[in-house]
Amino acid sequence: TERLKSVIVLYRLYDCGVTDEGCAALASALRTNPSHLRYLDLSGNKLRDSDVKLLSDLKNDPHYKLQIFKF
């Protein structure tokens, strides 16, 4: 039998209190486990420029399919 593979392509963390530690953990997890994630929404969180840069750098990585990053 053929197994279906589930993938997350949209991840919304809108206004849920993501901190700089959360951004670092999310970036680390995404770097460690390349994903099919195409859309990441972190709007409504109080992110610093360094947090945004950490995550937006993933858009330039050829291993990732991240196309839209909202903050």
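The values are calculated or read from the model by the stated rules, or taken from the named source; none is laboratory data. These figures come from a predicted structure and were not determined experimentally. When we count neighbours, we look across all protein chains shown, and the Cβ atoms used for this are built from the backbone with ideal geometry, even at glycine.
Observations, loosely collected:
Per-residue answers, yes or no, for (1) at pLDDT below 80; (2) assigned to a helix (DSSP H, G or I); (3) among the hydroxyl-bearing types (Ser, Thr, Tyr):
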{"position": "7", "(1), (2), (3)": "yes, no, no"}
{"position": "16", "(1), (2), (3)": "no, no, no"}
{"position": "21", "(1), (2), (3)": "no, yes, no"}
{"position": "31", "(1), (2), (3)": "no, yes, no"}
{"position": "35", "(1), (2), (3)": "yes, no, yes"}
{"position": "47", "(1), (2), (3)": "no, no, no"}
{"position": "57", "(1), (2), (3)": "no, yes, no"}
{"position": "64", "(1), (2), (3)": "yes, no, yes"}
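- Conditions (1) of a type outside the set (A, V, I, L, M, F, W, C); (2) farther than 19 Å from residue 7 by Cα; (3) in contact with a Lys or Arg (Cβ under 6 Å, 6 or more places away or on another chain); number of the one not met by residue 48: (3)
- Top-ranked residue of segment 1-22 - restricted to ones that are surrounded by 10 or more Cβ atoms within 10 Å (Cβ to Cβ) and charged (D, E, K, R), ranked as nearest to residue 62 (Cα to Cα): 12
- Unmet requirement for residue 48, which otherwise passes all of (1) of a type outside the set (Gly, Ala, Ser); (2) touching a Leu at 6+ places or on another chain (Cβ under 6 Å); (3) under 14 Å from residue 18 (Cα atoms): (2)
- Residue in segment 23-45 that is surrounded by the most Cβ atoms within 10 Å (Cβ to Cβ), counting only those that are free of Cβ contacts under 8 Å to residues at least 24 places away in the same chain and of a type outside the set (A, V, I, L, M): 28
- Considered as a group, the residues in segment 46-62 that are of a type in the set (A, V, I, L, M) and over 9 Å from the mean Cα position of the chain (by Cα) include one that is surrounded by the fewest Cβ atoms within 10 Å (Cβ to Cβ), and that residue is 52.
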